[in-house]
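Got a structure for you, written out below as structure tokens; questions coming shortly.
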Amino acid sequence: MTIQTTAIRGDTSPKENLYGVQRVLRALIWFGVFIVLGGLTVVVSLLLSAVSQAIGVVILVVGGFFSLIIPGMVSRTLYVIPEFQRVVILKLGKFVGVRGPGRFWVIPYPPFYESVAMTLDLRVQTRVITAAQTLTSDNVPVGCEAVLFWRVENPETAALEVANYTEAVFQASNSALKDTIGTLELSELLGEREMISNKLKTIIDKAASTFGVDVHSVEITDVHVPDDLIQELSVIAQSRRSAQAKIAEAEAEKQISQKLQEASELLSDRAMEMYRLNVLERIGREEGGQIVVYGLSQADGTLEKTIAAAVAGSRTRTN
């Protein structure tokens with residue numbers, strides 16, 4: 001309600017200023033015509049009073065009456081229309097043209113017989129359209145909201161071809177939104193909003209053109225999904241992320257094993273034994289560490305016997 005009130009106030013201020021100018025101009029015309037007619041009435045009544053006083057009084061009364069009526073009739077024919085408005089003019093009920101912006105006259109008296117059919121605003125307007133509990137193509141009930149940006153393109157069509165072009169555009173947009181949701185899956189509705197907006201704009205613009213309205217754009221603002229479905233989608237997303245993490249870890253281990261295989265093919269048996277001893281030496285630096293020695297090489301057991309004898313000798317000395 002606050003937004004609507006603000007919009008109304010924002011539109012009222014320039015209208016009041018404009019109508020103020022129109023009222024001033026009409027008032028000036030009224031006073032001008034009144035002074036001219038009143039002066040003529042006084043002059044004529046004075047001239048006729050010289051002949052007959054009764055005739056002079058009658059002319060003064062009748063002239064005074066017309067001096068009050070005719071200025072109002074003349075001043076009401078003046079219109080001042082801003083740049084963003086147009087006025088549809090009829091003559092004896094038939095369309096004769098669209099006038100504005102600026103100052104112009106609409107004369108309903110013979111021989112013109114003109115009248116104002118409607119005043120239209122040509123500025124871009126917005127309207128929120130909703131589709132509540134609409135089934136997608138995969139049978140998921142969702143609610144969707146969008147904002148429609150539109151403007152009157154053809155004042156003649158908007159005024160004469162449809163009774164309420166604003167309501168017509170809204171109903172056509174709402175129907176198009178529901179029909180579009182029904183042809184999409186939930187994943188498309190959530191992930192391809194730009195494509196859906198362009199599709200909606202094309203559909204709504206085609207329907208609105210028959211009302212004299214041009215659709216600038218349609219923006220999807222919100223998609224309401226049931227809470228239980230959100231939880232299910234969250235579980236599915238977590239499962240997918242976990243699976244992707246495991247796949248990435250397996251790929252890394254595969255690459256490491258390939259590199260180790262390449263290294264083992266390059267190193268000789270002696271080099272591999274030296275590498276193992278180097279690793280054991282680094283591990284043995286830690287206090288309280290325990291080293292378990294596996295077979296170093298099946299080709300030559302001398303080194304294994306040496307290490308075993310050294311370990312046995314150290315234990316004997318310790319005991």
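Here is a check on your reading of the model: is residue 193 more than 18 Å from residue 216 (Cβ to Cβ) and among the basic types (Lys, Arg)? Talk me through it step by step, then tell me what you get.
Details: more than 18 Å from residue 216 (Cβ to Cβ): no; among the basic types (Lys, Arg): yes.
In short, no.
Still on this model: Can you name the residue in region 92-134 that is assigned to a loop (DSSP other than H, G, I, E, B) and within 21 Å of residue 219 (Cα to Cα) and, of all such residues, is least open to solvent (accessible area, probe 1.4 Å)? It would help to see each step written out before you state the result.
So in region 92-134, the residues assigned to a loop (DSSP other than H, G, I, E, B) come out as 92-93, 100-101, 106-113, 122-124.
After this cut, where a residue has to be within 21 Å of residue 219 (Cα to Cα) as well, the list is 122-124.
Values: 122: 28, 123: 80, 124: 75 Å².
Among those residues, the one meeting the criterion is 122.
Would a scan of region 71-82 turn up a residue that is closer than 30 Å to residue 21 by Cβ, among the small types (Gly, Ala, Ser) and assigned to a helix (DSSP H, G or I)?
Looking for residues that are closer than 30 Å to residue 21 by Cβ, among the small types (Gly, Ala, Ser) and assigned to a helix (DSSP H, G or I), one finds at least one in region 71-82, hence yes.
Identify all residues within region 130-164 that are of a type in the set (A, V, I, L, M, F, W, C), modelled with pLDDT under 90 and within 23 Å of the chain's Cα centre (by Cα); write none if there are none.
Answer for region 130-164, where residues must be of a type in the set (A, V, I, L, M, F, W, C), modelled with pLDDT under 90 and within 23 Å of the chain's Cα centre (by Cα): 131, 132, 135, 142, 144.
Suppose the filter is over 19 Å from residue 86 (Cβ atoms), touching a residue at least 40 places away in the same chain (Cβ under 8 Å) and open to solvent by 30 Å² or more (accessible area, probe 1.4 Å); does residue 137 pass it? Show your work before the answer.
Working: over 19 Å from residue 86 (Cβ atoms): yes; touching a residue at least 40 places away in the same chain (Cβ under 8 Å): yes; open to solvent by 30 Å² or more (accessible area, probe 1.4 Å): yes.
So residue 137 passes the test.
Now, a different point. Condition test on residue 190, is it open to solvent by less than 60 Å² (accessible area, probe 1.4 Å) and at pLDDT below 85?
Details: open to solvent by less than 60 Å² (accessible area, probe 1.4 Å): no; at pLDDT below 85: yes.
For residue 190, the condition - open to solvent by less than 60 Å² (accessible area, probe 1.4 Å) and at pLDDT below 85 - is not met.
Which one of the conditions (1) part of a helix (DSSP H, G or I); (2) within 29 Å of residue 160 (Cα to Cα) does residue 188 fail to meet, given that it meets all the rest?
(2)
Of a type in the set (Ser, Thr, Tyr), surrounded by 15 or more Cβ atoms within 10 Å (Cβ to Cβ) and either touching a residue at least 60 places away in the same chain (Cβ under 8 Å) or within 20 Å of residue 114 (Cα to Cα) (or both) - does that describe any residue in region 26-49?
Of region 26-49, the ones of a type in the set (Ser, Thr, Tyr) are 41, 45, 49.
Filter again for surrounded by 15 or more Cβ atoms within 10 Å (Cβ to Cβ), leaving 41, 45, 49.
Keeping just the survivors that are either touching a residue at least 60 places away in the same chain (Cβ under 8 Å) or within 20 Å of residue 114 (Cα to Cα) (or both) gives none.
Taking every residue of region 26-49 in turn, none turns out to be of a type in the set (Ser, Thr, Tyr), surrounded by 15 or more Cβ atoms within 10 Å (Cβ to Cβ) and either touching a residue at least 60 places away in the same chain (Cβ under 8 Å) or within 20 Å of residue 114 (Cα to Cα) (or both).
Just checking, which of 88, 162 is assigned to a loop (DSSP other than H, G, I, E, B), more than 30 Å from residue 193 (Cα to Cα) and either of a type in the set (S, T, N, Q) or open to solvent by less than 50 Å² (accessible area, probe 1.4 Å) (or both)? It would help to see each step written out before you state the result.
On the way: 88 fails: assigned to a loop (DSSP other than H, G, I, E, B).
Going through 88, 162 in turn, the sole match is 162.
The values are calculated or read from the model by the stated rules, or taken from the named source; none is laboratory data. Just so you know, these numbers come straight off a predicted model, no measurement behind them. In this analysis, Cβ positions are derived from the backbone assuming ideal geometry, glycine residues included, and neighbour counts consider all displayed protein chains. Keep in mind that these areas ignore ligands, DNA and RNA; they rest on the heavy atoms of the full protein, side chains included. Shrake-Rupley method; radii C 1.70, N 1.55, O 1.52, S 1.80 Å.
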